[in-house]
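Step one of this worksheet: look at the structure below.
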Amino acid sequence: MPLSFQYTTRPRSKIVCSDDSFRLNGPHMAWWQCGFKKNYSDDTQPTVLMAFRKIDRGTLADKVVYHELSVAALGQVRLGSIWQDRECTSQAVFEARTFDVDFTNGWRFTSFKEASKQGLTAPFPQEIYPLEYKSADMNWLLEFDLPTGGKLIIPCIEFFARCYGSSGELRRILAAYTWEGHAETVKAKCFAPLDTEEIPGVWQVRLQPRLRNRDAVFLAHVKYDPYTELAAKRIHSQIQVAFEKNSSRPIFAQIAPWFKGSTKLIVEGIAFGNSFLALRVNGMEDPSGDDVERSRVGGKAKNPAPESAKTRAPGFRPRMQTPRPIINLAGNRIADRDAGTVEFEDDDFVTINPRPIKDVQAEQAKTKSGGSRHGPETTTSSLGEARGAGKGVGQASIHAPEFPSNGWLRDMWDAMIALQKRKVIDAVDWYTYQHGFSASMPIMLITVPEFKKNDEVETRVKSFPFLDREKTLRRGILVARIQLSDGPVYIVEIARSPIGSASSGEGEQSFQGIVFRLSDEKDLNSWLRELIDLIRRSAGVLSRIGGIEGKCPGVAMTFPHNAGPKQLAKGVTRCEYIVAAAIHDIGSEINLDVA
C-alpha cells in the first residue's frame, strides 16, 4: 500500500556517493533512525540502523527497508534525503523554523512506547509522519516545552548527530570508547596533555589530530563542566550495557542536551497544531561560560625545535574534496594506516552567537617536522580507526561547516526586513540550494566551496572559503530576493572575517555587495554557481578579475557600502539607503519616505 505523505524535493547542495557497502535499488527516502547496533566488522565505529522507504512514481511505500550506517556518517544520510543506487542528490523539503528552548528544566525524554505505557499523549500524530512500529516505536525523543504551549520534538539520534560537537570523528569516539579502564579511552582520543600551565577561570583544551577546531567548545565543557561530562558518558554506557545483554537488537539510547540554560535551535520538520516535529537540526546557540583556549597536537609553536630535537616521522597529506569522493557509509571497511585523509562535509550548521575561542601556541616545538608524503591511491574512505595496509581504503574526516550568525551581513538583511515592514518593498526572503526560498530566521547562507588541492591559485585566494586562519568557520554568501512591483531583484552579500582579535572591535573585512536581475528566473542556480566561483577566485574583490558586467544572464553590478549623504533622512538607516541605492542602480525605484 502506498503511504499518504505529500512532499516536494530540492537538489541537495552536497552530493554524497557511497561505495558498494551501501546500495539501494530504485529511489528511497531516509525515513527514521532506529537505534545503535554493534559493528562486528569494525568495533571502532558503531552503526545506526536507518529505515528507508521506497519511492515509486513520487509515492512512498508503507513498508521500510533497513540499512546499517556508521555513526560518524549520520550527517551524510539525513532524514528526508533521497538515495538512488549509491548516491544522494536530492532531499525532501521540510518547513524551516527557529525555536527558543530551555535546556535546564524545559525538556524531557519520551517515545511512542513509553507514552503508550504511561497513558500519555503520543509525541506526535503519526498521520503527519508514519512510523513502522507505530505506538510500539522505542526510539527516544527529546520533548521541549515551547512558549506557545506546544512541544518541539527531536529524535535523540538526530540531536546527537548535529549538536554534539562539529565532527563525525568526535561522535564516533563518544559512541565507541569507554571513559576509563583501557588504554584507548574517550579522554585519550580527544584530549592531549596541555603544552602550557592551567589558568584559573580559563577552559583549556588541546585537541588530538583528527578532531575539528569547533569541537573545542563541546570538549571544553566535557573537561570542566560535570553536567556535560555525565551527558557524554551516558551515551557509551547505554550502548555498552545493551551490547552485553543482547548484541543483535538495536540499542535505544537517551541522549540529553549537554549544557544547561536557554538556547535557540534551528530545525526543519513538520508542524502540528502549535507543536513541531524536527526531523533535521541545522543550528544551535553556543552556551555561555568561561573563556576557551584551544591548541592542538601538531599545531605550530612560537619558536622552532632546537637542533638536537628528534625529527617526527613524515605524515600523510590530506586529500581534500574531489567532485565525487567515495565513502564507506556502512562502516564495514577498515582504513589503511599509510593512506591519506579525504575531507567530507555534512550539511551546513549555523552557530548562533558563537563562543569566542583563543588559539594558543607552545613557546617552543619539542620535535622537528618530518615533512609529509602522499599515501597510496585509495578507492574508498573509512570512518573508523586505521589498521594495517594494502586494502586501498583511506581515512575519511567528516564535519559540518559552521557559520557565525551576525556581523555586517546581518545588518544588510535587517535593513531589508525593515523596508518590508514599512511596506517599502513587497517582500524579502533568503535563498540556498538546500533550502530554496525562505523568510524564516536565522538566515541561511550558501557555502563558498573549497578549492581542490591541485587548483593553481594564490594562498590568499585558496584560504578565502574560510573566515579564520584555523579554517574553523566556513565563509557563506547571503542571497536575498527582494520582491518589487516590477519583479524580483537579488542582493548578494559576502560574509566577512573580523579584523584583529575577536575583542578588539576593529571591524570586519570590506567587500562590495552585488545586485542583479535575471531575464529568466530558471537561470538562478546556474548563475549563482558561476557568481560564487567568481567571488572565491577573486577573494571577494571582483574588480580583480574584470568585474561581473556582461556575465550575468540578465543584468548585474557591484555596489559600495559607503555611498550616500552624510546626513540621512529621519528614520532611514545607512543600510536601508544602501539597499535603495543598489535597487536604483539596477533600474528600479523604491521610496524610502513611505510610512
Please state which one of Arg474, Arg496 is basic (Lys, Arg), out of contact with any Asp or Glu (no Cβ under 6 Å at 6 or more places or on another chain) and either surrounded by 13 or more Cβ atoms within 10 Å (Cβ to Cβ) or at pLDDT 95 or above (or both).
-> Arg474
Just to be sure, is Lys462 free of Cβ contacts under 8 Å to residues at least 12 places away in the same chain and closer than 30 Å to Gly165 by Cα?
-> yes
Enumeration of residues in the stretch 38-49 that are surrounded by fewer than 23 Cβ atoms within 10 Å (Cβ to Cβ) and modelled with pLDDT of 90 or more = Leu49
Which of the residues belonging to the stretch 30-57 are more than 10 Å from Glu68 (Cβ to Cβ), free of Cβ contacts under 8 Å to residues at least 40 places away in the same chain and part of a strand (DSSP E or B)?
-> Phe52, Lys54, Ile55
Residues of the stretch 577-587 satisfying the condition of being touching a Gly at 6+ places or on another chain (Cβ under 8 Å) and either in contact (Cβ under 8 Å) with a residue 24 or more places away in the chain or small (Gly, Ala, Ser) (or both) | Ile578, Ala581, Ala582
Those residues of the stretch 141-176 which are part of a loop (DSSP other than H, G, I, E, B) and surrounded by fewer than 23 Cβ atoms within 10 Å (Cβ to Cβ), in sequence order = Leu146, Pro147, Thr148, Gly149, Gly150, Tyr164
In the stretch 18-31, which residue that is in contact with a Leu (Cβ under 8 Å, 6 or more places away or on another chain) and open to solvent by less than 10 Å² (accessible area, probe 1.4 Å) is nearest to Leu279 (Cα to Cα)?
-> Trp31
How many residues are open to solvent by 60 Å² or more (accessible area, probe 1.4 Å) and either of a type outside the set (A, V, I, L, M) or modelled with pLDDT of 95 or more (or both) if we restrict to the stretch 205-246?
-> 13
With respect to Ala256, determine if the residue is under 22 Å from Val101 (Cα atoms), assigned to a helix (DSSP H, G or I) and open to solvent by 10 Å² or more (accessible area, probe 1.4 Å).
-> no
Members of the stretch 426-459 that are hydroxyl-bearing (Ser, Thr, Tyr) and crowded, with 18+ Cβ neighbours inside 10 Å | Tyr431, Thr432, Thr447
For residues that are more than 21 Å from the chain's Cα centre (by Cα) and open to solvent by less than 10 Å² (accessible area, probe 1.4 Å), scanning just the stretch 50-74, find the one that is farthest from Pro250 (Cα to Cα).
-> Leu60
Matching residues, the stretch 438-492, being outside any loop (DSSP other than H, G, I, E, B), closer than 30 Å to Asp426 by Cα and under 19 Å from the mean Cα position of the chain (by Cα) = Ser438, Ile446, Thr447, Gly476, Ile477, Leu478, Val479
Those residues that are open to solvent by 20 Å² or more (accessible area, probe 1.4 Å), in contact (Cβ under 8 Å) with a residue 24 or more places away in the chain and not acidic (Asp, Glu), I need them from the stretch 110-140; list them, please.
-> Lys113, Pro125, Ile128, Pro130, Ala136, Met138, Trp140
Filter the stretch 560-572 down to residues that are farther than 26 Å from Thr447 by Cβ and open to solvent by less than 50 Å² (accessible area, probe 1.4 Å) and give me whichever is modelled with the highest pLDDT.
-> Val572
Take the residues of the stretch 262-294 that are over 22 Å from the mean Cα position of the chain (by Cα) and not charged (D, E, K, R): which is least open to solvent (accessible area, probe 1.4 Å)?
-> Ser275
Test Lys366 against the criterion of being more than 23 Å from the chain's Cα centre (by Cα) and either at pLDDT 80 or above or not in a loop (DSSP other than H, G, I, E, B) (or both), and give yes or no.
-> no
Residues of the stretch 524-559 that turn out to be free of Cβ contacts under 8 Å to residues at least 40 places away in the same chain and open to solvent by 50 Å² or more (accessible area, probe 1.4 Å), as a count | 11
Residue list for the stretch 201-248, filter: outside any helix (DSSP H, G or I), under 22 Å from Cys156 (Cα atoms) and polar (S, T, N, Q) | Asn246, Ser247, Ser248
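The values are calculated or read from the model by the stated rules, or taken from the named source; none is laboratory data. Only a predicted model underlies this, so the values are computations on that prediction, with no experimental measurement involved. Virtual Cβ from ideal backbone geometry, glycine too; neighbours counted across all protein chains shown. To get the accessible areas, we keep the full protein, side chains included, count just its heavy atoms, and leave off ligands, DNA and RNA. Shrake-Rupley method; radii C 1.70, N 1.55, O 1.52, S 1.80 Å.
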